[in-house]
Amino acid sequence: MDASSAHPAEHHVDVVLPCLDEADALPWVLARMPAGYRPIVVDNGSRDGSAELARSLGAHVVVEERRGFGAACHAGLLAATAPIVCLCDCDASLDPGQLPEVADPVLAGDADLVLGRRRPQTLGAWPPHARLANAVLARRLRRRTGARLHDLGPMRAARRAELLALGVSDRRSGYPLETVVRAADAGWRIAEVDVRYLPRSGRSKVTGTVRGTVTAVRDMSAVLARAGRPA
C-alpha cells in the first residue's frame, strides 16, 4: 500500500509528525488521521524501523539526518504542499482525530496559529516535572508576547507559507516556542483549543525524563533570551 492509495491527493491539510523510534505508536496514530489530512512522518534517526513501517501504512516519509525536534519539524514543513499545516507528536499522546478542531479556525480564517491546550486524561499522562516546566514557560511566554496561552501546544495548525516566512531558526527543543514568539511579533491571531492528552506509547525523549525536560527548558529559555525582551 503506497501513500497515494491510503491518503488521496485531494488533501487540504498536511500533518508533520516528527518521529524518533515510534514504531509502537505509529499504527494507532496513522489510523486516527482524519480524511483530507496527509501524514508526513519525519524520521529523525529511528532504529526501530519506524520509517519503513510508516511507509507501509501509507504515510509520506521524510528522512532528516540532523537530530533535533526543530530540525524534524522544519524538514516536514519544507516537504509539505498543502496550504495548511499541522504539527503533532507521533507518540500517541495526542489523538490525530482532534486535528480538525485545531485546524478549523485557521481554515475558516478566524485565527493564524492555533495551539492544542493539553488536558491530561489520566494522572500519568503528564509527569509532574514536565507539567511544571510547561506552566513556567507558558507564563513567561504570556509575559513576552501578550498572548493568552496556557500550553506550548505540540498539536498546532497554521498556514504553511506564513510559517516559513517567520524564519524560525531553532532546530532543537526551542522550535515550538520560537514559532509562537515570532508569530506574536508578526501580529498573528493566536488561539488555543482543548485537546485530550493521553499516556504516550513508549518512553518519552523529553517529558518522560527529568534530563529531557531540563534540556527542553534550556533550549526554550535560550529562545526567549534571544528574543530581545526580558521574560
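Tabulated results
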quantity	calculated
Options A157, A130, A191: the member that is in a strand (DSSP E or B), under 30 Å from P27 (Cβ atoms), at pLDDT 70 or above and not polar (S, T, N, Q)	A157
Checklist (1) out of contact with any Phe, Trp or Tyr (no Cβ under 7 Å at 6 or more places or on another chain); (2) open to solvent by 30 Å² or more (accessible area, probe 1.4 Å) applied to N134, failing item	(2)
Conditions (1) among the charged types (D, E, K, R); (2) surrounded by fewer than 17 Cβ atoms within 10 Å (Cβ to Cβ); (3) modelled with pLDDT under 90; number of the one not met by R200	(2)
Residues that are assigned to a helix (DSSP H, G or I) and aliphatic (A, V, I, L, M), drawn from the stretch 164-188	L164, A165, L177, V180, V181, A183, A184
Candidate set from the stretch 150-167 (those that are touching a Lys or Arg at 6+ places or on another chain (Cβ under 6 Å) and in contact (Cβ under 8 Å) with a residue 24 or more places away in the chain); member that is surrounded by the fewest Cβ atoms within 10 Å (Cβ to Cβ)	H150
Selection count where residues are surrounded by 19 or more Cβ atoms within 10 Å (Cβ to Cβ) and among the basic types (K, R), scope the stretch 28-81	1
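The values are calculated or read from the model by the stated rules, or taken from the named source; none is laboratory data. Worth saying up front: this structure is predicted, and the values here are computed from it rather than measured. Cβ sites come from the backbone with ideal geometry, for glycine too, and all protein chains shown count toward neighbours. Remember, those area values only see protein heavy atoms, side chains included, never the ligands or the DNA or RNA. Shrake-Rupley method; radii C 1.70, N 1.55, O 1.52, S 1.80 Å.
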